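One structure is given here, and the rest of the page talks about it.
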Amino acid sequence: MGKSEARQSALRSLPSVDALLQRVQGAAGLKGIPRARVVRAVREVLVGERGRLLEGVRRAGAVSPLDADALARRVVAEASRAGAFSLAPVVNATGVVLHTNLGRALLSPLALERLRRVGSAYSNLELDLKTKERGSRYAHVDGLLRRLTGAEASLVVNNNAAAVLLALESLARGKEVIVSRGELIEIGGEFRIPDIMRRSGAILREVGTTNRTHLKDYADAIGPETALLLKVHTSNYRVLGFTAQVPTRDLVELGRSRGVPVMEDLGSGCFVDLRPYGFPYEPTVQEAVAAGLDLVSFSGDKLLGGPQAGIVVGKAELVERLRKNPLNRALRIDKLTLAGLEATLYAYEAGNAVETIPTLRMLTERLAAVRRRARRLLRRLSPSAAAALGAALVEGRAQVGGGSLPLVELPTVALALGTAERPAQRFDEALRNGEPPVIGRIADDRLLLDCRTVLNSDVPALADALSRLVE
Ligand SMILES: *Cc1c(COP(=O)(O)O)cnc(C)c1O
């Protein structure tokens, strides 16, 4: 047979698009995958196979075509590879409670319920029901924020980075903002105070040194061009040893005496004093407001435990300037976030935040409860699976994450995996690519599945995923 005939014959063996589609119809692996994606996969598989056949004939004069079942399996694998949805739940077994890459705070049941209710119906988002006039979307959380923080006014935007940008643009465009050198931080994810400052059009006036800044440094720097004194929480790092920062109250007093507003970017912004749960002292939002700061900004999805948002509270006149800034329209918060945020704030007012907000519950959960969950996970493995995994419970340290309380280490219990024959790296990769994906951390050649961040409801699926590793 000549090459041209061999080519013809090889290509004739390829099924048509329709025939291959027909063959994969109803395949279990394609449940929930849109037909358009399956058609694309069929085309891709056929193009690939066609190329392989032609290449085979060119090189060897002949080639054996794949049978239709093999092609169908390829289509199913290709079309379902990424699952029906790209953004999907994972099991956080890293022990980092506020993990930015894993979506930070989980929403409370009430927040989820409000999201569903508000998202599935029309709402009074911007309608004042009493007067039938246009209302303000911010009104739905403004009362709560004022009552909880003691501030005169509030504004909520897309995230805290946006809140800082908006405040600087509104108050200090073309003017100077004084910041301590010890607080010129990078949070990660492109948030650097000097960069945000430049973007806002404000001029950075650095004072003090990396480790020590005194009130006099601020006082000497204030001039006719000064628009704001900015204090920034050093969130994810600490300068230890020979250090000095200016207490908020002193800075506030200086600002007041010189007629310059004082703002603090609190970063995480917590409403509850976590000291009774063994955490070090961190000023709460209420305390920051009570110290007299003119503006305080913080995130919605860090220690607050709500949806992504940036919250600004403070003096009414300044908040009004932020609200009226046209930039605010571009940073504005959507109705689903508002619904989730209102429910989150409601829990603080109702006094059940620590019990109902997942972030706070995980941070304050007793070691004994974490250990019980770890034991339950281990008990769900058959003895032979546990042995093959090299599974053992180990005590360790979990982290708060999200740039919050960087020095705090939470006692925790992890399930450690890995044996000489079956290295931890392989388990790690298989779990990450499984369903549901499981994200752990590797330490000393063991894969640690930290149970502080594993949800009770994750335990059955996690145990199944572990059993499948050694089946
Ligand atoms: C996290 C953080 C930010 C950024 O907050 P987002 O809500 O992630 O935009 C800004 N400033 C400080 C001090 C932070 O810790």
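The values are calculated or read from the model by the stated rules, or taken from the named source; none is laboratory data. These numbers come from a predicted model, not from an experiment. All Cβ positions, glycine included, derive from the backbone under ideal geometry; neighbour counts span all protein chains shown.
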Notebook entry, point to check: Which ones in the stretch 153-186 are under 27 Å from R137 (Cβ atoms) and in a strand (DSSP E or B)?
Noted result: A153, S154, L155, V156, V157
Margin query: Please pick out the residue among A202, A172, A161, A219 that is touching a Phe, Trp or Tyr at 6+ places or on another chain (Cβ under 6 Å) and of a type outside the set (D, E).
Written below: A161
Next item on the list: Looking only at the stretch 264-288, count how many residues are within 26 Å of A227 (Cβ to Cβ) and crowded, with 21+ Cβ neighbours inside 10 Å.
Entry: 8
Note to self: Exactly one condition in (1) within 28 Å of E435 (Cα to Cα); (2) surrounded by 14 or more Cβ atoms within 10 Å (Cβ to Cβ) is false for V63; which is it?
What the structure shows: (1)
Notebook entry, point to check: In the stretch 271-289, which residues are touching a helix residue (DSSP H, G or I) at 6+ places or on another chain (Cβ under 9 Å) and touching a residue at least 40 places away in the same chain (Cβ under 8 Å)?
Noted result: F271, V272, L274, Y277, F279, E282, V285, Q286, A288, V289
Next item on the list: May I ask you to verify whether P436 is within 20 Å of the chain's Cα centre (by Cα) and either touching a residue at least 40 places away in the same chain (Cβ under 8 Å) or outside any loop (DSSP other than H, G, I, E, B) (or both)?
Entry: yes
Next item on the list: Consider R366 carefully, then state whether it is in the same structural domain as A463 (by TED's automatic domain parsing), over 25 Å from the mean Cα position of the chain (by Cα) and within 22 Å of L410 (Cβ to Cβ).
Entry: no
Note to self: I'd like the residue in the stretch 69-88 that is modelled with pLDDT of 90 or more and surrounded by 14 or more Cβ atoms within 10 Å (Cβ to Cβ) and, out of all such residues, is farthest from V459 (Cα to Cα).
What the structure shows: L71
Notebook entry, point to check: Is it true that G340 is among the small types (G, A, S) and over 19 Å from N159 (Cα atoms)?
Noted result: no
Check: Filtering the stretch 156-170 down to residues that are within 9 Å of the ligand (Cβ to nearest atom) and out of contact with any Ser or Thr (no Cβ under 7 Å at 6 or more places or on another chain), which residue is farthest from N328 (Cα to Cα)?
Finding: A161
Check: Assuming K216 fulfils every condition listed in (1) farther than 25 Å from R332 by Cα; (2) away from the ligand (no atom under 13 Å from the Cβ); (3) of a type outside the set (S, T, Y); (4) touching a residue at least 12 places away in the same chain (Cβ under 8 Å) apart from one, which condition is it?
Finding: (4)
Note to self: Being touching a helix residue (DSSP H, G or I) at 6+ places or on another chain (Cβ under 8 Å) and small (G, A, S) is the filter here; which residues of the stretch 224-270 pass it?
What the structure shows: A227, G267, G269
Next item on the list: Sort through V312, V319 and tell me the only one that's β-branched (V, I, T) and surrounded by fewer than 24 Cβ atoms within 10 Å (Cβ to Cβ).
Entry: V319
Next item on the list: Could you please tell me which pairs satisfy a Cβ distance under 9 Å, a separation of 6+ or placement on different chains, a first residue in the stretch 303-328 that is on the phi < 0 side of the Ramachandran plot, and a second residue that is among the basic types (K, R)?
Entry: Q308/R104; V313/R146
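The rows are residues; the columns are (1) surrounded by 15 or more Cβ atoms within 10 Å (Cβ to Cβ); (2) farther than 24 Å from F85 by Cβ.
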residue	(1), (2)
R422	yes, yes
D428	yes, no
G434	yes, no
R441	yes, yes
D444	no, yes
D450	yes, yes
T453	yes, no
V459	yes, no
Item checked: Elements of type helices (runs of 4 or more DSSP H) in the stretch 353-401, at least 2 residues being in contact with a strand residue (DSSP E or B) (Cβ under 9 Å, 6 or more places away or on another chain) -> 358-364, 367-379, 383-389
Notebook entry, point to check: Could you say which residue among L106, L112, L125 is surrounded by 17 or more Cβ atoms within 10 Å (Cβ to Cβ), at pLDDT 95 or above and under 27 Å from the mean Cα position of the chain (by Cα)?
Noted result: L106
Check: Does G305 satisfy the criteria of being within 16 Å of the ligand (Cβ to nearest atom), touching a helix residue (DSSP H, G or I) at 6+ places or on another chain (Cβ under 8 Å) and at pLDDT 95 or above?
Finding: yes
Check: Out of curiosity, is S123 assigned to a loop (DSSP other than H, G, I, E, B), over 30 Å from R397 (Cβ atoms) and without any contact (Cβ under 8 Å) to a residue 12 or more places away in the chain?
Finding: no
Note to self: Can you pull out every residue in the stretch 337-356 that is more than 18 Å from S123 (Cα to Cα) and of a type outside the set (S, T, N, Q)?
What the structure shows: L345, Y346, A347, Y348, E349, A350, G351, A353, V354, E355
Next item on the list: Those residues that are within 16 Å of the ligand (Cβ to nearest atom) and touching a strand residue (DSSP E or B) at 6+ places or on another chain (Cβ under 6 Å), I need them from the stretch 405-418; list them, please.
Entry: V408
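This table checks each residue for (1) within 16 Å of the ligand (Cβ to nearest atom); (2) assigned to a strand (DSSP E or B); (3) in the same structural domain as Q286 (by TED's automatic domain parsing).
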| position | (1), (2), (3) |
| --- | --- |
| R199 | yes, no, yes |
| T210 | no, no, yes |
| D220 | no, no, yes |
| P224 | no, no, yes |
| L228 | yes, yes, yes |
| Y237 | yes, no, yes |
| R256 | no, no, yes |
